[in-house]
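**Q** Sharing a structure below in structure tokens format, with a few things to ask.
The values are calculated or read from the model by the stated rules, or taken from the named source; none is laboratory data. None of the values given here were measured: they were computed from a predicted structure. Neighbour counts are summed over all protein chains in view; Cβ atoms, including those assigned to glycine, are modelled from backbone coordinates with ideal geometry. For accessibility, only protein heavy atoms count, side chains too; no ligands or nucleic acids. Shrake-Rupley method; radii C 1.70, N 1.55, O 1.52, S 1.80 Å.
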Amino acid sequence: MKWTAVTPMRTSIPLSVRRWQNRSCLLQPLRCFGRRLLDDDRGATAVYVVLGLTVMIAAMGMGLDAGRAYIVKSRLSSALDAAALAGGLTMFDASRDEDIRKYFRVNFPDGFMGATITGPSITVDEGNETVLLRASADVSTSVMPILGYDEITVVAETEVTRKMKALDLVLSMDVSGSMGESAGGGQSRLTAAKNAAKELIDILYGSNETKDLLTIGLVPWNAKVKVMVQGQSYVHSQRSSEAVPAFTNPENGQNQSIVWYANNSPVPLLFEPPSGWKGCVFNRYKDSDGDTNDADTHEGPTTVNGVNWPGWAPSYPGTYPAPGDPLSLLLGGEPVSGDDDYQSKRCGLAPKGSDCVSCPSVGITPLQSSKTAIKNAVNGLSSGGNTNIPAGLAWAWEVVTPAAPFSEAVENPTYDRDQAIVLLTDGINCPNYGDGYKRVFGSCNSNTARQKMDARLRKLATNIKEQGILIYAIQFVDSDAEQIALMKDIATAPEAPYYYYAPTGGALKSAFREIANHLSELRLSK
């Protein structure tokens with residue numbers, strides 16, 4: 001088969017028709033131009049491109065305006081979140097609103113992307129513990145003015161609700177004699193401490209009488225700790241004994257197979273509690289082998305270095321020369337009010353198991369959930385006696401954990417929980433006659449004796465912190481540099497919110513408030 005190329009024929013317009021068209025154009029030029037324009041498709045693509053680019057540029061411009069507005073709204077929301085969280089942390093502080101505005105300005109600086117801000121408005125509901133913030137921003141536009149929109153307004157709001165984490169908290173309060181001295185401002189140190197502690201309680205509970213997964217206990221202490229449950233009276237006839245595996249009593253070296261219990265305390269006792277027992281016990285420490293015997297730095301009934309301590313030794317009342325006793329004549333006559341030296345001399349004639357210095361008047365409040373009950377316990381505190389910080393911290397540890405003798409804390413909870421101790425003291429460790437260590441360290445006038453007690457406190461705190469328990473330590477009024485260093489050492493961290501030096505009642509109140517806020521966890525509810 002043979003292929004043949006064919007040349008296409010060109011259509012021509014007859015000459016007569018062309019002449020007629022030319023004459024017509026001479027007579028009606030505009031009509032002719034319009035007809036030629038319609039018949040001519042050259043350049044149409046350029047027109048479509050121009051129109052398409054115009055639409056595309058307009059869309060891009062509006063997208064740019066919308067994008068800037070979105071960025072501003074996102075930044076506005078983040079700034080409100082940060083400000084609301086800051087406000088929640090300081091909900092009960094006078095500086096709360098200023099803190100909110102400060103955090104907002106830091107996170108949304110003036111002039112950000114040219115936006116003009118209105119707000120934030122602040123709405124606080126202290127009863128329900130919420131902070132609601134709302135703000136708006138006007139963002140100028142670049143392209144949208146051709147559509148009549150000179151600016152875009154974006155609005156954001158956020159609400160923070162204070163949410164309490166599961167918390168077991170023990171207040172370990174110094175009620176030694178110096179707490180009865182003035183804190184300035186017309187109130188005693190103890191009064192200032194009670195007011196500060198009650199504010200902490202109010203912050204944690206808010207307007208509620210109870211709060212889910214929140215329990216608070218109280219351990220008052222001076223030279224010793226009263227281990228009776230607060231509000232329950234001791235009835236000597238209701239004491240009881242309990243059989244235990246045979247052990248050598250570390251206090252007297254005798255073989256023994258029972259421990260004793262008072263009717264109003266879960267604490268096992270190495271000896272039968274006597275009639276008239278005030279409820280105090282001694283630290284578990286014997287000086288026979290130096291500092292290697294440190295049962296006082298362990299929790300619960302324990303065996304340390306081969307020495308078994310299934311309980312605590314009760315202190316015995318009424319075994320030292322009382323005023324009017326013939327022995328008092330050897331001491332220079334009747335005691336003078338406030339004469340600590342006379343008291344020391346009088347105690348020096350007493351057996352080491354005697355209640356030679358005052359036992360706190362208030363016992364232990366185990367972990368419980370009632371705001372009223374814990375505030376009443378704090379209200380009942382009174383001052384007197386010497387300072388034995390290890391005893392106060394050790395019994396706070398016993399109360400905050402589920403191990404015996406106090407076992408109110410939930411063991412192995414299925415929820416997140418913090419356990420914490422707030423330890424307050426206004427002085428230094430003061431070993432003396434009749435204190436929790438049975439005067440084995442001598443007098444608080446001896447720097448060596450103080451250092452030994454400080455060493456025991458450090459060991460104790462280390463063991464507590466290794467269990468993950470938080471220690472908040474507050475040094476009140478006393479500015480002794482050695483004591484401040486000690487309190488920093490035993491705290492979870494040597495600075496706020498775990499350590500505070502509070503020289504005045506006002507500073508103490510601020511410290512308790514900051515601790516309460518630190519114990520609160522916040523969540524965004526909107």
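**Q** If the limit is 29 Å between Cα atoms, which of Lys211/Lys278; Lys211/Lys459; Lys198/Lys452; Lys286/Lys371; Lys163/Lys509; Lys371/Lys452 go over it?
**A** Where the Cα-Cα span goes over 29 Å, the pairs concerned are Lys211/Lys278; Lys211/Lys459; Lys198/Lys452; Lys286/Lys371; Lys371/Lys452.
**Q** How large is ³J(HN,Hα), in whole Hz, for each residue of the stretch 452-463 in order, when computed from phi with the Karplus curve 6.51 cos²θ - 1.76 cosθ + 1.60 and θ = phi - 60°, using x for Gly and Pro?
**A** Computed from phi, the couplings for the stretch 452-463 are 5, 5, 4, 5, 5, 5, 5, 4, 4, 4, 4, 5 Hz.
**Q** In Å and from the alpha-carbon atoms only, list the Rg and Dmax of the stretch 114-209.
**A** 24.7, 81
**Q** What percentage of the solvent-accessible surface of the stretch 80-236, computed with a 1.4 Å probe over protein heavy atoms, is contributed by carbon and sulfur atoms? Numbers along the way, then the final one.
**A** Details: 3030 of 6390 Å².
Whole-percent figure for carbon plus sulfur exposure: 47.
**Q** While we're looking at this one, here's another question. Specify which residue in the list Thr215, Ala192, Tyr205 is farthest towards the positive end of the charge dipole of the stretch 170-268, using unit charges on the beta carbon of Lys, Arg (+1) and Asp, Glu (-1), about the Cα centre.
**A** Value: Ala192.
**Q** Just tell me which aspartates and glutamates come within less than 12 Å, Cα to Cα, of Lys226; anything on the same chain fewer than 8 places away is out.
**A** Partners within reach: Asp355.
**Q** How long, wide and thick is the stretch 384-526, going by the Cα atoms along their three principal axes, in whole angstroms, largest first?
**A** Principal-axis extents of the stretch 384-526 (Cα, largest first): 59, 37, 26 Å.
**Q** How charged is the neighbourhood of Val304? Take every other residue with its Cβ under 10 Å from the Cβ of Val304, and add Lys/Arg as +1 and Asp/Glu as -1.
**A** -1
**Q** On to the next question. What three numbers, in Å, describe the spread of the alpha carbons of the stretch 244-317 along their principal axes, ordered from the longest?
**A** Rounded to whole Å, the extents work out to 34, 23, 21 Å.
**Q** Give, as a single signed number, the net charge of other residues whose beta carbon lies under 15 Å from the beta carbon of Ile258, with Lys and Arg counted +1 and Asp and Glu -1.
**A** -2
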